[in-house]
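A short worksheet on the structure shown next.
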Amino acid sequence: MSEISDPLPPSWLEELKALLGPGGHLESDADRAPFETDFRALHHGHTPLVALPDSTARVAEFVRWCAAHRVAIVPQGGNTSYCGGATPRANGREIVLSLRRLDRIHSVDPDGDALTADAGCVLARLQEAAAATGRLLPMSLGSEGSCTLGGIISTNAGGTAVLRYGMMRSLVLGLEVVLPDGRVLDQLTGLAKDNTGYDVKQLFIGAEGTLGIVTAACIRLHPQPASTVTAFAAVPTPAAAIALLARLRRAAGNAVSTFELLPRVALELVLRHIPGTRDPCGGTHPWYLLIELGLNEPAPEAALRFESTLAAALEAGEITDVAIATSGAQREALWRLREEIPLAQRREGAGLKHDVAVAVQRLPEFISEGSALVAGLAPGARLVAYGHLGDGSLHFNLTAAENDDGASLLAAGDEIRHAVHDLVARYRGSISAEHGIGQLKVAELERYEDPVALALMRDIKRVIDPLGIMNPGKVLA
Ligand code: MLT
Ligand code: ZN
């Protein structure tokens with residue numbers, strides 16, 4: 001990373017402050033600090049100023065100024081990303097653009113199944129606004145209390161209901177984007193059908209702020225299920241879990257919204273580090289599933305049908321034990337066993353994270369080959385391979401052995417990462433299933449991405465951002 005060598009002239013900063021208006025910037029060390037580091041504290045940078053525009057017009061004016069002065073912009077939403085995509089670099093010449101003051105909900109249309117809001121709205125607030133009209137905004141993830149609409153669009157977030165509702169891209173009906181030259185792309189139409197040439201808004205979904213700034217979006221809503229059934233099941237193998245998924249889908253179609261796999265070691269970490277959690281199954285089992293279905297039938301019928309499907313799965317040996325939630329509190333307790341894994345893993349100590357995907361039906365084979373691989377490279381380290389089994393997406397993480405400070409595991413990090421990603425490549429999988437590229441995986445993208453796709457990405461970047469001012473050093477080198 002470059003040093004702070006050539007700070008932006010103070011007169012430029014004064015011009016920007018005037019342009020941003022009252023309350024439109026933060027400047028003191030203490031105020032800037034939270035914007036200069038990602039929440040995992042892996043990436044640290046420096047910005048001379050945090051810009052806080054309060055309207056799309058002001059964002060556009062700010063971007064035009066930055067383009068004229070060749071000043072780089074780092075858009076930031078809730079700052080919850082995993083790959084440093086929203087953290088400025090260390091050169092001190094990149095201005096963080098926080099969208100947090102763009103926080104107006106424009107409309108919630110329950111009949112048209114659409115919600116339109118500014119990019120700075122926090123996801124949980126949008127979920128509540130949709131629920132208040134009897135509709136469901138089905139994007140759900142651990143950071144929903146702080147991540148923002150613009151951030152989850154710019155990273156094409158996944159979460160725990162992708163199986164049924166898809167990733168963020170499948171929920172976006174329309175976008176408003178400020179382009180790197182200050183023009184505003186207004187596609188906030190909310191149309192379900194629009195086949196007029198290239199669908200250019202798609203380029204900005206998952207672009208991590210490298211092509212423009214998402215300032216508002218129109219999102220697709222869904223019906224609220226009449227009832228929800230939730231279970232925590234013990235399974236003997238990942239292959240048995242996949243057989244169970246097929247069984248559930250035969251019985252309930254696409255009502256299966258969550259199908260999350262966790263190994264025994266992940267459950268143990270949660271039980272050890274997260275107060276108030278308890279193992280809902282008897283005995284110890286190698287693997288567990290968190291399963292949720294959102295059904296159209298009323299609760300008693302739904303529960304009976306679900307129980308009979310699980311009873312058949314028990315008989316077939318696909319599951320070996322199961323706990324079904326019978327209250328909201330029990331459902332929450334089951335969800336915590338899955339959602340608190342990342343925190344529990346952090347509390348346990350040093351670890352390595354891999355966010356991979358392969359075809360669902362090949363996951364069991366991948367897990368066994370990958371386990372042998374990392375056992376050879378990191379003897380004693382614990383494999384905490386958990387995640388979104390129904391989507392073919394796994395957090396193939398490692399935690400150092402107990403009573404080991406993890407120094408040797410971290411020292412072998414590059415070698416292990418490449419070995420895991422080489423294996424993923426052999427399965428024609430993805431080295432970033434849901435967390436994106438940011439600054440963390442730029443070299444990995446170069447190494448593993450199809451060269452034709454990479455060349456197209458570079459062409460697109462050059463055409464849309466010829467000055468290279470949008471979030472430089474992220475996604476593409
Ligand atoms: C998860 O599935 O829990 C998230 O993607 C977070 C993580 O991997 O740490
Ligand atoms: Zn995940």
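The numbers here are math on the coordinates, done by the rules we state, and not lab data. Bear in mind that the values here come from a model prediction, so they are computed numbers and not experimental data. Cβ: placed from backbone, ideal geometry, glycine included. Neighbour counts: every protein chain shown.
Key figures
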item: Links that overshoot a 30 Å alpha carbon limit, given the list K201/K474; K17/K441; K193/K441; K353/K461; K201/K441; result: K17/K441; K193/K441
item: Mean Cβ neighbour count within 10 Å, used as a protection proxy, ranking 388-398, 54-64, 288-298, 186-196 highest first; result: 388-398, 288-298, 54-64, 186-196
item: Distance (nanometres) between label positions extended 7 Å along Cα→Cβ at A372 and S308; result: 4.3
item: Rounded Å value of the spacing that divides the Cα centres of the range 113-186 and the range 314-376; result: 26
item: Placed amide H near A401: partners under 5 Å, 5+ positions off or other chain; result: A381, R382
item: Selected from A350, L394, L445, residue furthest toward positive end of dipole (the range 334-460; charges at beta carbon); result: L394
item: ³J(HN,Hα) computed for each position of the range 74-90 - Karplus, 6.51 cos²θ - 1.76 cosθ + 1.60, integer Hz, glycine/proline x; result: 10, x, 9, x, x, 6, 10, 6, 9, 10, x, x, 10, 9, x, 7, 8
item: Phi-based couplings in Hz for the range 248-265 (Karplus 6.51, -1.76, 1.60; Gly and Pro marked x); result: 4, 6, 5, 7, 10, x, 8, 5, 6, 9, 10, 8, 10, 9, 9, x, 3, 4
item: Cα-based helix-to-principal-axis angle, 451-464 vs the chain, degrees rounded to 10; result: 40
item: For the range 397-412, 3J(HN,Hα) per residue [Karplus equation, 6.51 cos²θ - 1.76 cosθ + 1.60, θ = phi - 60°, Hz, x = Gly/Pro]; result: 8, 10, 10, 4, 4, 4, 6, 10, 6, x, 4, 6, 5, 5, 5, 8
item: Estimated inter-spin distance, I105 and A407, nm [label 7 Å along Cα→Cβ]; result: 5.3
item: Cβ-based net charge around K201, under 12 Å, with every Lys or Arg adding one and every Asp or Glu removing one; result: -3
